Amino acid sequence: MAKKLYRVDVVLYVMAETESIACTVATDAKFDVFGCVAEPVKFVEPAWQDAVPYNADDERTCSEIFPNHTRGVPLQPALMN
């Protein structure tokens, strides 16, 4: 089965002295306890266009994998087929 690009929102609670330290701690976490929601990609947010997604099989960026709509504009349902 071929891999597809998904957007995953993760909720993780961490203890830290500041927000920036909390982000650093979360980046290093092993995700023992979290909530997760995954959905097929409808658009690639500008900040993620040049990012290589986790668990990728190659070095293609999000905008290379999903090239048609990389400007943060959701697809119309008819165009998703």
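Below is a table of values for the structure above.
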quantity	calculated
Local electrostatic count, residue 3, Cβ distance below 13 Å [Lys/Arg +1, Asp/Glu -1]	0
Cross-link reach list, aspartates and glutamates versus residue 42, counting only Cα pairs under 19 Å and skipping chain neighbours closer than eight places	9, 50, 64
Placed amide H near residue 45: partners under 5 Å, 5+ positions off or other chain	none
FRET E, pair residue 18, residue 51, Förster distance 30 Å, beta-carbon r, rounded to 0.05	0.75
Nonlocal amide H pairs with residue 7, under 5 Å, H built at 1.01 Å	39, 41
Under Karplus coefficients 6.51, -1.76 and 1.60, residue-wise ³J(HN,Hα) of region 13-23 in Hz, glycine/proline x	9, 10, 9, 6, 6, 9, 4, 5, 5, 4, 5
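Where a number appears in this text, it was derived from the coordinates with a stated rule and is not lab data. These figures come from a predicted structure and were not determined experimentally. As a convention, Cβ positions derive from the backbone with ideal geometry for all residues, glycine included, and neighbour counts pool all protein chains shown.
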